1. What does the structure give for A:38-49 when I average, per residue, the other chain Cβ atoms found within 10 Å of the residue Cβ?
2. Using a basic spin-label model with each label point 7 Å from the Cα along Cα→Cβ, how many nm lie between B:T12 and A:S67?
3. If I build a Gaussian network model for chain B, linking alpha-carbon pairs within less than 10 angstrom, which residue out of B:S58, B:S32, B:S83 has the largest mean-square fluctuation?
4. Can you give the Kirkwood hydrodynamic radius of chain A from its Cα pairs, in Å with one decimal?
5. Rounded to a whole number of µm²/s, how large is the Stokes-Einstein D of the protein assembly as shown at 20 °C and 1.002 mPa s, given Rh as the Kirkwood radius over C-alpha pairs?
6. How do A:K57, A:K70 rank when sorted from fewest to most other Cβ atoms within 10 Å of their own Cβ?
7. By its C-alpha gyration tensor, with a ≥ b ≥ c as the square roots of the eigenvalues, how is segment B:54-99 shaped: rounded for a/c under 1.5, else prolate for a/b larger than b/c, else oblate?
8. Just to confirm my numbers, what's the Cα centroid distance between segment A:12-65 and segment B:54-110 in Å?
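Please treat every number below as a calculation from the coordinates, not as lab data. In this text, all values refer to a predicted model and were calculated from it rather than measured experimentally. Cβ placement follows ideal geometry from the backbone for every residue including glycine, while neighbour counts extend to all protein chains displayed.
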Amino acid sequence: DAGITQSPRHKVTETGTPVTLRCHQTENHRYMYWYRQDPGHGLRLIHYSYGVKDTDKGEVSDGYSVSRSKTEDFLLTLESATSSQTSVYFCAIGGTGGAESNQPQHFGDGTRLSIL
Amino acid sequence: GNSVTQMEGPVTLSEEAFLTINCTYTATGYPSLFWYVQYPGEGLQLLLKATKADDKGSNKGFEATYRKETTSFHLEKGSVQVSDSAVYFCALTGAGKSTFGDGTTLTVKP
């Protein structure tokens, strides 16, 4: 299994508080992704990174920011959490660019985030 | 942009029944196609893949063929088991991005 660890695995917090989720990989992979999974919506891309300090927005990036200061760590931050951000968040690694586009993504086990 | 449409669920089958989960896609160029499986409390795992037209991906008795003429990648298994109960996602990678279907929940009853 690809070495991807997400923390925390579960979190309950209140509306308006900041929340940071961490994804740590041991595969030295260039590409990392944050998705959210909601019933009826499948997986939706929030942000992704293609290298240290190189990030870009996905389809549902509003209300989220990311940082990647080291190859192995990709942080997702909700600056002021809202109830609509209650979801299961998945980190993934894998290539989608160029010669890596035929490679699958590898996923962490997810973080279940509840915002009350 | 790219899109993936897969069969709505949930799907409930008896053990040893034949399984088909339909998946069609829209994409420019020549995407790679994937099926992932998700068990409760876990992330998605790669089940099989196909990277060019007419390729057949297979794993654990599951098969899917990349059909460019019908833009489809249907998942099949000849005889399902209770342990196959999970959520199945069709996905494609193309133009530097991955796109996932909404997932199909399969329940297999003994």
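1. Numbers: counts 1, 2, 3, 3, 11, 11, 2, 4, 0, 0, 3, 0.
Per residue, the average neighbour count from other chains is 3.
2. With each label point 7 Å from Cα toward Cβ, the separation is 4.9 nm.
3. Looking only at B:S58, B:S32, B:S83, the biggest GNM fluctuation is shown by B:S83.
4. Working: mean 1/r = 0.0707 Å⁻¹.
Its Kirkwood hydrodynamic radius stands at 14.1 Å.
5. 119 µm²/s
6. Details: A:K57 14, A:K70 10.
Exposure proxy ranking, most exposed first: A:K70, A:K57.
7. On the way: a/c = 2.73, a/b = 1.58, b/c = 1.72.
Oblate shape, in that a/c is at least 1.5 and b/c is the bigger or equal ratio.
8. Segment A:12-65 and segment B:54-110 have Cα centres separated by 25 Å.
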